[in-house]
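Structure record follows, encoded as structure tokens.
None of the figures in this text is laboratory data; all of them are computed from the coordinates on show. Keep in mind it's a predicted model, so treat the numbers as computed, not measured. Cβ sites come from the backbone with ideal geometry, for glycine too, and all protein chains shown count toward neighbours.
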């Protein structure tokens, strides 16, 4: 085989090996939405979040964290489950579950409006259904809101009544739900164009995700006796047998002039040794120290 073709074949082979790491899908989790509308109650916020999760799975290349697992973790850690959490809290939740982004939001409109006209015993009425949602995406690593979008949907129906009979329509939940789905699809389309990046991937320069993140700091997602689970795994460069130092955040020292944090102190609690390492998480055993808690950090 000529040298040129041998080089071309080698380049193609290397590209196949690197591609899965370079193009790792960003990881995202959707929290329950706050309901600011006059109708629907808390279930509307939960339903909107479920619709968005389904839409992101089917309409984007994002890796979406399972909502049942998210809600379970939030309950265990006594975090609020509505979209009212602030960006810093959202970022903390995201680090615990090991995602790149957290989606919070609110249902701002969900209901109906009506109008009508007529004469001679005939009345023609028109009823409209409207839904709107506001969505925010928080970058877990920076606690910044990197995307804020609004989605909306509307539908209308016509009814005719003759001398008071026929054609009347009370609130139609099916129509209202359809407008909510349209509003969510509107948001999904905007998120799909946002060019979100995975913190576990590599943007170039020939390095792999593991090499780029070999000094990553993980967080304890679960503690049970001498066993712990971290929110990072092989995608962050961790490996079986590796020992990590567990630390807990202490004081934040702020610049008195600007109020910005200029130094954070950490207390060393002990060490763990990794026994199981998967792509997105690791399991370990305590080899030194005690009193570890969810949210403590693990340092290589």
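Quick look at the numbers
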| quantity | calculated |
| --- | --- |
| Projected label distance in nm at residue 224 and residue 197, using a 7 Å step from Cα toward the beta-carbon | 3.7 nm |
| Label zone at residue 285 (point 7 Å along Cα-to-Cβ), backbone N below 14 Å, region 215-239 | 225-228 |
| Theoretical FRET efficiency, 1/(1+(r/R0)^6), r = Cβ-Cβ of residue 43 and residue 273, R0 45 Å, to 0.05 | 0.50 |
| Rg(Cα)/(2.2 N^0.38 Å) for region 213-299, N = residue count | 1.18 |
| Protection-proxy order for peptides 94-102, 45-53, 134-142, 236-244, each taking the mean of Cβ atoms within 10 Å per residue, highest first | 94-102, 45-53, 134-142, 236-244 |
| Estimated FRET transfer efficiency (residue 248, residue 86; beta-carbon r; R0 25 Å; 0.05) | 0.70 |
| Distance (nanometres) between label positions extended 7 Å along Cα→Cβ at residue 260 and residue 156 | 5.3 nm |
